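J.: Have a look at the structure that comes next, please.
The values are calculated or read from the model by the stated rules, or taken from the named source; none is laboratory data. All figures in this text were calculated on a predicted structure; none of them were measured in a lab. We place every Cβ from the backbone using ideal geometry, glycine too, and count neighbours over all the protein chains shown. With ligands, DNA and RNA removed, areas are computed over all heavy atoms of the protein, side chains included. Shrake-Rupley method; radii C 1.70, N 1.55, O 1.52, S 1.80 Å.
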Amino acid sequence: MFAGNVLADGLRETVGKHFLIGTAMNTVQVRSNDPAIDEIVDKHFNAVVAENCMKAEELQPNEGLFDYRQADRLVEYAQKHNMTLTGHCLIWHSQAPRWFFKDELGNPCTREVLIGRIQDHIKTVMAHFKGKVKGWDVVNEAILDDGSYRQSQFYKIIGPEFIEIAFRAAMEGDPDAELYLNDFSMSNKGKRDKYCEIIRDFKKKGIRIDAIGMQSHNGLDYPDLSEYEKSIDAFAAEGVKVMMTELDLNVLPNPKEFGGAEISQKFEYQEKYNPYRDGVIPADSLKKIDNRWMDFWKIYYKHRNQISRVTVWGIDDGQSWLNNFPVFGRTNYPLLFDRQKKEKPVVKKIEALFRKKD
């Protein structure tokens, strides 16, 4: 337990002085009682987000029947380890339960029915976790890279108003919780401009939005760092905080057609896309990976007054979703701790960066 267990330095102590430093955890990790995981958490992270157990298909698999068992365990873990908990996520096209968009005959439901389901789900879930969750990703991945609306079932049945409807419900569900919009590829100008437009529209209508989540599923050659910084500045200029919500670093070569973090992308396995399957990464490649990590952390340090949280999407390489995305079966190394749960050398470099005094 963190309280009473004083651990030297770490990201929690160094980075955590400037903004929340978090990790995503899955239900297996939360239940494991693994001392190696607990040690990493207690030393390095003061915030946590659920990888899956707070998504709609997990919390309400059948209409009106809510299952909070796994999510409540995460709440208990966060409290035990003195971590700030973020709710992820209330409305997302990808992991919504199938019934959400259907009527009793299996046909698309009406606009009115879907609006009611959005409102009921948000208010019920937020009421259950009231006082335990600092803030919620209210709507996740609603905009495409060019700034147009994703043609999700939410959009097709309701129209663009579904985002506003969700936020109004969230304002009622827990008036004290912070409310966020979250998306990937936020360095793209079209997406950046659209989210700035949404923020301005919300403020005119009196709809509260506290922060924008830049997922930051980054790679060795994407995103463009200058555009990435432009997005931080642009969102902050609209009067909201900025969060890096799902940070990792894809260190493997990818198909030319690959882009962003759209989970529907799938490519055929080829050996050229899996160069480090034996765990051996050449020294020059390791240096390139560390330098790329530091490129991003230097940006976070520079913009620390605009940033409220950075959350790494997972604890160790072995459980990262990037082992299977966008090519199933690869061996990736995208996090700050290796498969033996040992911190990588870059962690010390990050700590030193945030320990310095300007």
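J.: Quick one: count up the residues across segment 114-126 that are open to solvent by 60 Å² or more (accessible area, probe 1.4 Å) and not charged (D, E, K, R).
T.: Of the residues in segment 114-126, the ones open to solvent by 60 Å² or more (accessible area, probe 1.4 Å) are 119-120, 123.
Next cut, not charged (D, E, K, R) only: 119.
Matching residues across segment 114-126 total 1.
J.: Same structure, new question: Quickly run through segment 278-295 and pick out the residues that are surrounded by 15 or more Cβ atoms within 10 Å (Cβ to Cβ) and touching a residue at least 60 places away in the same chain (Cβ under 8 Å).
T.: Residues satisfying the conditions are 289, 292.
J.: Is there a residue in segment 198-220 that is within 29 Å of residue 347 (Cβ to Cβ) and without any contact (Cβ under 8 Å) to a residue 12 or more places away in the chain?
T.: no
J.: What tally of residues in segment 78-107 results from selecting those that are open to solvent by less than 10 Å² (accessible area, probe 1.4 Å) and aliphatic (A, V, I, L, M)?
T.: Restricting attention to segment 78-107, the residues satisfying the condition of being open to solvent by less than 10 Å² (accessible area, probe 1.4 Å) are 78, 81, 85-91, 97, 100.
Remaining after also requiring aliphatic (A, V, I, L, M): 78, 85, 90-91.
Qualifying residue count, segment 78-107: 4.
J.: For segment 221-239: of the residues being without any contact (Cβ under 8 Å) to a residue 40 or more places away in the chain and not small (Gly, Ala, Ser), which is least open to solvent (accessible area, probe 1.4 Å)?
T.: Among residues in segment 221-239 that are without any contact (Cβ under 8 Å) to a residue 40 or more places away in the chain and not small (Gly, Ala, Ser), the one least open to solvent (accessible area, probe 1.4 Å) is 223.
J.: How many of the residues making up segment 287-309 are within 25 Å of the chain's Cα centre (by Cα) and assigned to a helix (DSSP H, G or I)? Break it down stepwise before answering.
T.: Looking only at segment 287-309, we keep the residues that are within 25 Å of the chain's Cα centre (by Cα), and these are 288-309.
Checking which are assigned to a helix (DSSP H, G or I) leaves us with 288-302.
Counting residues in segment 287-309 that are within 25 Å of the chain's Cα centre (by Cα) and assigned to a helix (DSSP H, G or I) gives 15.
J.: What are the residue pairs meeting all of these: first residue in segment 258-277, first residue on the phi < 0 side of the Ramachandran plot, second residue aromatic (Phe, Trp, Tyr) and open to solvent by less than 40 Å² (accessible area, probe 1.4 Å), Cβ atoms under 6 Å, and 6 or more apart or on different chains?
T.: 261/184
J.: Checking the condition crowded, with 18+ Cβ neighbours inside 10 Å and either over 22 Å from residue 89 (Cα atoms) or of a type in the set (A, V, I, L, M) (or both), which residue from 188, 218, 182 passes? It would help to see each step written out before you state the result.
T.: Numbers: 218 fails: either over 22 Å from residue 89 (Cα atoms) or of a type in the set (A, V, I, L, M) (or both); 182 fails: either over 22 Å from residue 89 (Cα atoms) or of a type in the set (A, V, I, L, M) (or both).
After ruling out the rest, the residue left standing is 188.
J.: Can you name every one of the helices (runs of 4 or more DSSP H) wholly within segment 33-93 that holds 1 or more residues which are modelled with pLDDT of 95 or more, within 30 Å of residue 104 (Cβ to Cβ) and more than 19 Å from the chain's Cα centre (by Cα)?
T.: On the way: elements: 35-44, 56-59, 69-80.
Counting at least 1 such residues, we get 69-80.
J.: Now, a different point. Name the pairs: first residue in segment 130-159 and without any contact (Cβ under 8 Å) to a residue 40 or more places away in the chain, second residue in a loop (DSSP other than H, G, I, E, B) and open to solvent by less than 60 Å² (accessible area, probe 1.4 Å), Cβ to Cβ under 7 Å, at least 6 apart or on different chains?
T.: 149/142; 149/160
J.: Looking only at segment 316-358, count every residue that is open to solvent by less than 60 Å² (accessible area, probe 1.4 Å), of a type outside the set (D, E, K, R), part of a helix (DSSP H, G or I) and out of contact with any helix residue (DSSP H, G or I) (no Cβ under 6 Å at 6 or more places or on another chain) and tell me the total.
T.: So the count comes out to 7.
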